[in-house]
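The values are calculated or read from the model by the stated rules, or taken from the named source; none is laboratory data. Keep in mind it's a predicted model, so treat the numbers as computed, not measured. Here Cβ is always computed from backbone atoms with ideal geometry, including for glycine, and neighbour counts include all displayed protein chains. For accessibility, only protein heavy atoms count, side chains too; no ligands or nucleic acids. Shrake-Rupley method; radii C 1.70, N 1.55, O 1.52, S 1.80 Å.
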Amino acid sequence: MKRILVVRNDKIGDFMLAWPAFALLKASLDCHITALVPGYTRPLAELCPSIDAVLADPGKSADAAAQQNLLERLKVSNFDAVICLFSNFRNARLMWQAGIPQRWAPATKLAQVLYNHRVKQRRSESAKPEYEYNLDLVRAFLVKNDITPVEPATPYLGFDASELAMFREQQAAALGIDAGRPWLLVHAGSGGSANNLNTAQYAGLLDRLQAAFPGVQPVLTAGPGEEDLATEVADMAGGGAVVASGLPLPDFCRLLACGQLFVAGSTGPLHIAGALDVPTVGFFPLRRSATPLRWRPLNSEGRHLAFHPPKGAEAEDMSSVDVKAVTGQIRSWASKFLSGASRFTQPSAPGRDKCDRTAP
């Protein structure tokens with residue numbers, strides 16, 4: 001088992017919740033790990049210290065030539081095993097056509113017949129966090145191959161402390177804010193992945209948190225197409241909030257690493273912040289497939305706080321979340337992260353960036 005392919009070619013948040021599985025595999029086995037991901041998550045995969053090479057998936061809508069090229073690259077890579085953390089019929093057929101000897105995936109849907117190693121997980125029941133399902137699949141692979149699992153620990157993503165401090169100074173100058181104040185990062189966008197609070201709720205939350213922690217600097221983060229939404233929240237809050245947008249994905253990760261607290265809905269940026277072990281506050285619907293338990297971020301114990309619609313409200317009705325009540329809970333919990341911080345400090349990273357890696 002020297003060359004392992006791991007497939008997680010879906011959304012950013014799903015990919016981030018696979019990082020413990022990558023870390024478990026790398027710590028337990030002396031192997032070369034290739035990640036198959038979509039093009040838009042490739043910059044994240046290139047930051048992961050547990051991934052040796054990245055193979056970009058052109059996606060199911062790509063033309064026949066691109067699909068054939070992907071298949072040929074899978075064949076010539078001579079993988080000993082593939083672990084499909086995200087399984088659908090397209091992925092299953094690709095791995096079978098590539099002739100990879102060991103093909104691992106959850107035992108679900110018709111696609112499972114094309115794998116020769118299947119693990120019953122019942123993910124649809126959402127009985128535990130998504131990252132735990134990913135870990136269970138890798139553990140099963142390791143045990144089957146007589147390899148003792150070496151369990152991973154947070155943080156899963158990090159940056160060199162001195163380089164991050166320099167980046168923070170640069171961002172502070174660009175945004176016109178004080179690098180020495182604790183930064184309260186808020187991401188009001190959702191990327192379409194789950195229902196989120198509305199602009200008035202986020203503005204009200206910002207106002208209340210600033211009143212509770214007068215020394216904080218609020219920063220509204222925004223991904224592509226979310227700039228107007230972030231600006232609207234900043235204008236409604238009216239308390240010196242600034243908008244940070246237009247950053248390449250690796251620099252967006254560095255910006256999140258500069259925060260003392262990150263607040264967002266159940267979306268990709270929340271899971272990036274969790275991988276960094278930046279304290280997070282998340283807002284989740286109560287639909288079974290989208291609960292706070294199923295999509296818990298990767299924070300270590302005590303560094304994540306989750307909220308959802310109250311009992312009796314519609315599962316998807318995020319407007320029923322009482323911002324005033326939420327603020328009271330955040331205030332007591334977050335005081336250890338936001339109170340009294342006069343300068344920026346950040347723990348050293350588990351590994352530096354590795355941006356020059358490509359699949360064979």
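Okay, here's what the table says:
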item: Residue count for region 182-200, restricted to those that are over 20 Å from Thr291 (Cα atoms) and not β-branched (Val, Ile, Thr); result: 5
item: Residues located in region 57-79, provided they are without any contact (Cβ under 8 Å) to a residue 24 or more places away in the chain and part of a helix (DSSP H, G or I); result: Ala64, Ala65, Ala66, Gln67, Gln68, Asn69, Glu72
item: Selection count, region 157-171, where residues are surrounded by fewer than 15 Cβ atoms within 10 Å (Cβ to Cβ) and either touching a helix residue (DSSP H, G or I) at 6+ places or on another chain (Cβ under 6 Å) or acidic (Asp, Glu) (or both); result: 2
item: Region 19-52, residues that are more than 14 Å from Val138 (Cα to Cα), crowded, with 19+ Cβ neighbours inside 10 Å and in contact with an Asp or Glu (Cβ under 7 Å, 6 or more places away or on another chain); result: Thr34, Leu36, Val37, Leu47
item: Total residues in region 221-233, condition open to solvent by 10 Å² or more (accessible area, probe 1.4 Å) and hydrophobic (A, V, I, L, M, F, W, C); result: 1
item: Candidate set: region 307-322, residues that are outside any loop (DSSP other than H, G, I, E, B) and farther than 13 Å from Thr291 by Cα; chosen: the one most open to solvent (accessible area, probe 1.4 Å); result: Ser319
item: Selection from region 46-75 of residues that are of a type in the set (S, T, N, Q) and more than 18 Å from Pro250 (Cβ to Cβ); result: Ser61, Gln67, Gln68, Asn69
item: Any hit, region 286-301, residues being part of a helix (DSSP H, G or I), buried (at least 16 other Cβ atoms within 10 Å of the Cβ) and over 14 Å from the mean Cα position of the chain (by Cα); result: yes
item: Within region 121-157, tally of residues that are within 27 Å of Glu46 (Cβ to Cβ), of a type in the set (A, V, I, L, M) and out of contact with any strand residue (DSSP E or B) (no Cβ under 9 Å at 6 or more places or on another chain); result: 6
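Listed here are the residues, each with its yes/no results for (1) more than 24 Å from Asp317 (Cβ to Cβ); (2) touching a residue at least 40 places away in the same chain (Cβ under 8 Å); (3) open to solvent by 30 Å² or more (accessible area, probe 1.4 Å).
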residue	(1), (2), (3)
Ala211	yes, no, yes
Val219	yes, yes, no
Leu247	yes, no, yes
Arg254	yes, yes, yes
Gly259	yes, yes, no
Gly265	no, yes, no
